[in-house]
Ligand SMILES: NC(=O)c1ccc[n+]([C@@H]2O[C@H](COP(=O)([O-])OP(=O)(O)OC[C@H]3O[C@@H](n4cnc5c(N)ncnc54)[C@H](OP(=O)(O)O)[C@@H]3O)[C@@H](O)[C@H]2O)c1
């Protein structure tokens with residue numbers, strides 16, 4: 001059991017927010033339930049006796065200040081983060097408390113680094129964006145796979161999802177991101193984000209067992225292209241998505257996740273396969289688990305716990321891999337993720353990159 005400190009969850013009654021509230025309770029923290037709909041907050045509070053309900057709107061800074069009063073940290077689970085990120089970070093800076101979010105939006109995450117790095121560092125506080133399945137986990141795995149390397153030529157993050165029943169929040173965030181890009185695609189190459197209109201390649205990815213080789217969409221770009229290069233010297237960061245899961249996401253009749261176990265997790269399983277390459281040597285770290293939304297809660301709450309117990313490496317805006325001891329962080333999640341790290345010799349992994357000889 002932990003300290004009983006109060007941690008505000010903004011967006012508490014959302015699908016991911018509910019997992020975060022439950023995880024905070026499990027770890028001995030006291031979640032304060034915040035978000036814009038007071039009725040839905042009260043409804044959620046009815047199933048968790050004694051929790052504070054703190055309605056707040058991103059358009060009303062004073063309401064956010066009231067919501068964060070006396071709290072040790074805030075976890076923002078309300079997306080699109082293009083809308084909620086900056087106002088909640090501003091409120092966290094005013095309150096002088098750490099901020100953690102679960103943003104998957106590439107541009108919103110890039111904005112967080114660009115807009116708040118100096119102020120958060122000057123305030124000596126911590127802002128951790130994308131502390132979630134997308135962005136956070138890939139960064140922890142890439143940092144772990146790097147081991148003693150300080151630079152690499154490429155980082156590849158391949159997502160082997162069994163299916164993808166997206167939440168309304170995921171779909172809304174995707175829509176905002178597409179609008180921000182005027183329908184263009186984005187990738188990270190040559191050390192920067194590049195917008196383009198090229199067709200996305202379909203290729204085979206050699207996932208480890210039990211998945212095996214599967215078709216993936218290359219340059220299906222996820223938040224790892226912001227988090228990984230924020231602290232690792234890697235010019236090329238590429239992310240890939242299992243074709244089946246990508247099709248689920250874009251299906252006109254996409255349905256939300258449904259719970260199949262007592263923790264509320266869906267039946268969805270995932271493998272996140274991260275390969276880093278330096279010259280002729282490849283290193284790999286793989287994580288397997290169940291339900292990308294559910295697993296986001298232990299990722300975000302472990303981050304809060306490490307921040308509040310002083311197990312951080314830096315201040316300011318920082319990704320998971322930069323601020324935490326990545327291998328140790330992943331070990332702490334062994335109840336939620338199985339992780340396999342392999343520092344293998346040349347050619348051992350056989351990534352199918354058509355550009356490589
Ligand atoms: N990086 C990752 O791996 C990862 C993992 C999980 C979730 N996420 C992101 O987290 C966000 C939430 O996802 P979810 O699955 O929890 O979706 P959800 O169940 O649809 O919940 C969305 C939540 O955000 C709130 N919200 C939306 N716009 C808001 C605004 N302007 N002000 C205040 N609250 C607002 C919603 O409140 P109302 O109902 O009142 O609109 C709701 O509480 C999405 O952006 C999703 O992409 C990312």
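Values quoted throughout were computed directly from the atomic coordinates according to the rules given, and no laboratory measurement underlies them. It should be emphasised that the depicted structure is a prediction, and the values quoted were computed from it without experimental measurement.
Tabulated data
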{"item": "For the chain, built as a Gaussian network whose Cα springs stay under 10 Å, the top-fluctuating residue of 283, 36, 119", "result": "119"}
{"item": "The chain - percent relative contact order, Cα under 8 Å, separation 6 or more", "result": "20 percent"}
{"item": "Cα coordinate range in segment 47-140, projected on the principal axes (Å, largest first)", "result": "36, 33, 23"}
{"item": "Per-selection Kirkwood Rh - segment 232-293 (Cα, Å, 1 d.p.)", "result": "14.5 Å"}
{"item": "Stokes-Einstein D for segment 1-60, Kirkwood Rh over Cα pairs, 10 °C, 1.306 mPa s (µm²/s)", "result": "141 µm²/s"}
{"item": "Dimensions (Å) - segment 288-348, Cα atoms, principal axes, largest first", "result": "40, 26, 17"}
{"item": "Rh by Kirkwood over Cα pairs, then Stokes-Einstein D for segment 147-286 at 1.306 mPa s and 10 °C, µm²/s", "result": "97 µm²/s"}
{"item": "Per-selection Kirkwood Rh - segment 91-143 (Cα, Å, 1 d.p.)", "result": "11.6 Å"}
{"item": "For segment 210-262, average projected area of the Cα convex hull in nm²", "result": "6.3 nm²"}
{"item": "Mean shadow area of the chain, taken as a quarter of the surface of its Cα convex hull (nm²)", "result": "16.8 nm²"}
{"item": "Full-stretch length increase - residue 48, residue 168 - with 0.36 nm per residue and alpha-carbon distance subtracted", "result": "40.8 nm"}
{"item": "Kirkwood estimate for segment 88-189, i.e. one over the average of 1/r between Cα atoms, Å", "result": "15.8 Å"}
{"item": "Cα-based convex hull volume of segment 216-343 per residue, rounded to whole Å³", "result": "136 Å³"}
{"item": "Expected 222 nm ellipticity per residue - DSSP helices of 4 or more, -39500 (n - 2.57), all of the chain, to 500", "result": "-10000 deg cm²/dmol"}
{"item": "With Cα atoms, 0 to 90° folded angle of helix 15-26 axis to the chain main axis", "result": "70 degrees"}
